[in-house]
Each structure stands twice: as C-alpha cells, then as structure tokens.
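**Q** Here you go, one structure.
The values are calculated or read from the model by the stated rules, or taken from the named source; none is laboratory data. This structure is a prediction, so every number in the text was calculated from the model and none was measured. FYI the Cβ positions are ideal-geometry reconstructions off the backbone, even for glycines, and counts take in every protein chain you see.
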Amino acid sequence: MASPYFQEAYLIIHAGLNDSFSAKLSVVNGTKRVVGSYILNLICSFQSSVFGILKILVAEDEENIALQYKMILSKRSHDVTITKDGVECLEEYYRELEKLPAPQSLPHSRTKLPFDAVVLDYRMPKKDGMEVAREILAIQPKQRIMFASAYVADTLRESVKTLRQVVELLQKPFDINQFADLLEDKNIWKDLEQLNVKVKELKNSNPSHAEVTALLEGLRRLQKGRAWKPGAV
C-alpha cells in the first residue's frame, strides 16, 4: 500500500506589468485535482476582474459565422470556445462545470459560473438554442445567455414561454464589432433583471403581440440598439 504523501508549493502568478500574487498549493494524495482546479479558476477570476478578460462559450453551426466569433473575441483577448451544435455545447459546459470547486469545500463557489457568457444560435442541429438554454438555466439560473436569431420577436416570445425570462438577443445578420461591444457590457445583465420582473408579472406564458413588442423595445434600449437591425421594433 502506498504511503500518503504531502507536498506544498507556491505559485507565482504574473498578472502583467509588475503585478503578481502568490497562491499556496497543497497536495495530499487525491486532493490534488480539487485544489488544482481551484487555483486555475482563481487565476481565471483574477484575469476577468482585473483585465476584463471574458470566458465565452459559443454554439454556432455555420462555420463562417463561428470563425468571425473566434476572430473578434480572440482579437480582444477573450477566452473563447466554439462548438458546432447544441449537444457539443452542453458537453463543453458540463466539462467546465465539473472543474469548479464543490460548494461544500469552498462556500463562496456557489455563485461561480463556468463561463461569463454563453452565445447560442437559435436554430442548430441535434439540440436547438432554446433547449440548450433551458438545460443550462435549470442548473445555473444566473448564467448569462445570448441568442443569435434572424427572428427576434419569435425568439423572445419562445424565451418567455420556455424559459420564463428574457435573454439578450443578437439579430442576424449583425455587426460583429457591435456584438463584441455588447458582450463586454456587463451592466446589461443587471438591467435585464428589471425587465424580467415584467415577465413574471405576465398573466400567462404566451405573451400577446403588444406584450412582445413592449419587451422587445425594452431589450433594444438596454442593448442600446447594438446587434439589432434599424427599425427592428
């Protein structure tokens, strides 16, 4: 039987310029993976908070559009993962979710999300965007989700019916730089909660044309018209 072993190491994480911080890594047999993943997520959180680097998951089945996502987000130094359908997207989401520390071992990890945002094509093979969003929000209700769709009114109506909430919308075809600007605007997520209060006040989950129009106009204002066609509402 192998004897237990114990190791300690100090990681010096260079944050850029002259800044750095250290983290103590303790390894006792099987705890190596847990602590290691915690350190990895600590680094990612530090990068996100200090430098605005976002971790983005994209599901897009059209190769040319996926390439545009990859190019603009990488150009802005974000960490982007591209998947080609709904099933692959969920597999990647669960893979990253498993890397997060268990809530019982790290109490503050309950609010930790595997990605800063998930960008979903509305129509995809195997599982469409709405199915993927429903599954993700069932386990992570605070996950930021964006739908890319040519038909924003239909997508919003389906979002209210299926998810009981409004999520951010990108109206295809959209300007890729406006998309990146929108993604980097973290205040939208906070303001979106106020719009979703109105969704919860709806008498049923099948909103009328007037209700959809009002929600679309509210969302367009929140997004400052970015990634929307002129006159979309």
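**Q** Just checking, does segment 171-193 include any residue being under 23 Å from N64 (Cβ atoms), among the polar types (S, T, N, Q) and in a strand (DSSP E or B)?
**A** yes
**Q** Let me ask another. Take the residues of segment 171-183 that are of a type in the set (A, V, I, L, M, F, W, C) and in contact with a helix residue (DSSP H, G or I) (Cβ under 6 Å, 6 or more places away or on another chain): which is surrounded by the most Cβ atoms within 10 Å (Cβ to Cβ)? Walk me through how you get there before you give the answer.
**A** Taking segment 171-183 first, the residues of a type in the set (A, V, I, L, M, F, W, C) are 174, 176, 179-180, 182-183.
So of that shortlist, the ones also in contact with a helix residue (DSSP H, G or I) (Cβ under 6 Å, 6 or more places away or on another chain) come out as 176, 180.
Details: I176: 16, A180: 20.
Out of the qualifying residues, it is A180.
**Q** Give the number of residues within segment 68-93 that are more than 16 Å from Q178 (Cα to Cα), part of a helix (DSSP H, G or I) and not hydroxyl-bearing (S, T, Y).
**A** Going through segment 68-93 one residue at a time, the tally reaches 7.
**Q** Something else about it: Hey, could you check segment 156-181 for residues that are in contact with a strand residue (DSSP E or B) (Cβ under 9 Å, 6 or more places away or on another chain) and of a type in the set (A, V, I, L, M) and say which is nearest to E211 (Cα to Cα)?
**A** So the residue we want is L156.
**Q** So S205 fits all but one of (1) in contact with a Ser or Thr (Cβ under 9 Å, 6 or more places away or on another chain); (2) surrounded by 14 or more Cβ atoms within 10 Å (Cβ to Cβ); what number is the exception?
**A** Only one criterion in (1) in contact with a Ser or Thr (Cβ under 9 Å, 6 or more places away or on another chain); (2) surrounded by 14 or more Cβ atoms within 10 Å (Cβ to Cβ) is unmet by S205, namely (2).
**Q** Name every residue in segment 27-69 that is more than 18 Å from Y93 (Cβ to Cβ) and at pLDDT 50 or above, in order of residue number.
**A** If the condition is that a residue be more than 18 Å from Y93 (Cβ to Cβ) and at pLDDT 50 or above, then G52, I53, E62, E63, N64, I65, L67, Q68 are the ones that fit.
**Q** Select from segment 138-155 the residues that are in contact with a strand residue (DSSP E or B) (Cβ under 7 Å, 6 or more places away or on another chain) and outside any loop (DSSP other than H, G, I, E, B) and write down the one among them that is surrounded by the most Cβ atoms within 10 Å (Cβ to Cβ).
**A** The qualifying residue surrounded by the most Cβ atoms within 10 Å (Cβ to Cβ) is A148.
**Q** Further, regarding this structure: Are any of the residues in segment 211-232 farther than 19 Å from Q68 by Cβ, among the aliphatic types (A, V, I, L, M), at pLDDT below 85 and not assigned by TED's automatic domain parsing to the domain that holds R76?
**A** Looking for residues that are farther than 19 Å from Q68 by Cβ, among the aliphatic types (A, V, I, L, M), at pLDDT below 85 and not assigned by TED's automatic domain parsing to the domain that holds R76, one finds at least one in segment 211-232, hence yes.
**Q** Further question: Can you pull out every residue in segment 144-168 that is closer than 17 Å to E88 by Cβ and out of contact with any Lys or Arg (no Cβ under 9 Å at 6 or more places or on another chain)?
**A** I145
**Q** To continue, here is another question. If you scan segment 208-221, which residues turn out to be assigned to a helix (DSSP H, G or I) and loosely packed, with under 13 Cβ neighbours inside 10 Å?
**A** Once the filter is applied, which keeps residues that are assigned to a helix (DSSP H, G or I) and loosely packed, with under 13 Cβ neighbours inside 10 Å, segment 208-221 yields H209, A210, E217, R221.
**Q** Does any residue in segment 154-178 that is closer than 19 Å to E62 by Cβ come within less than 6 Å, Cβ to Cβ, of a residue that is of a type in the set (S, T, N, Q) and at pLDDT 90 or above six or more places away or on a different chain, and which pairs are these?
**A** Listed pairs, sorted by first residue: T155/S149; I176/Q68.
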